[in-house]
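The values are calculated or read from the model by the stated rules, or taken from the named source; none is laboratory data. The shown structure was predicted, so the numbers you read here are calculated from the model rather than taken from an experiment. Using ideal geometry, Cβ is built from the backbone for each residue, glycine included, and neighbour counts are taken over all protein chains shown.
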Amino acid sequence: MSVSMQKMWISIIAMVLMALAMLTIYISRFKLNKGLLKVVTALAAWACMIIGGLLMLFVVLTGPTY
């Protein structure tokens, strides 16, 4: 697999993680009323957002591939 294809898959994974973070934070804020479960889903959302952001930063900062 070429470097370009690897970067494409990494960016797709990053976008999926960010979408998952949006979904879990929505569930945490508006659908859950329990204290511990609300905290766990919020922490999972933050983890997905941070990992997704770092992956996207890697893709952007490594520059173009040919």
Next on the checklist: Of everything in segment 54-66, what is among the aliphatic types (A, V, I, L, M) and either within 13 Å of the chain's Cα centre (by Cα) or surrounded by 12 or more Cβ atoms within 10 Å (Cβ to Cβ) (or both)? Give them in sequence order.
Outcome noted: 54, 55, 56, 57, 59
Next on the checklist: Just to be sure I understand the filter: pairs with C-beta atoms under 7 Å, separated by 6 or more residues or on different chains, first member in segment 47-59 and within 14 Å of residue 23 (Cβ to Cβ), second member among the small types (Gly, Ala, Ser). Which pairs pass?
Outcome noted: 48/21; 49/21; 52/14; 52/21
Next on the checklist: Of all residues being farther than 23 Å from residue 66 by Cβ, surrounded by 12 or more Cβ atoms within 10 Å (Cβ to Cβ) and among the polar types (S, T, N, Q) in segment 1-53, which is nearest to the chain's Cα centre (by Cα)? Just the residue, please.
Outcome noted: 24
Item to check | Residue, farthest from residue 63 (Cα to Cα), within segment 1-41, restricted to residues that are modelled with pLDDT of 95 or more and of a type in the set (Gly, Ala, Ser) | outcome: 21
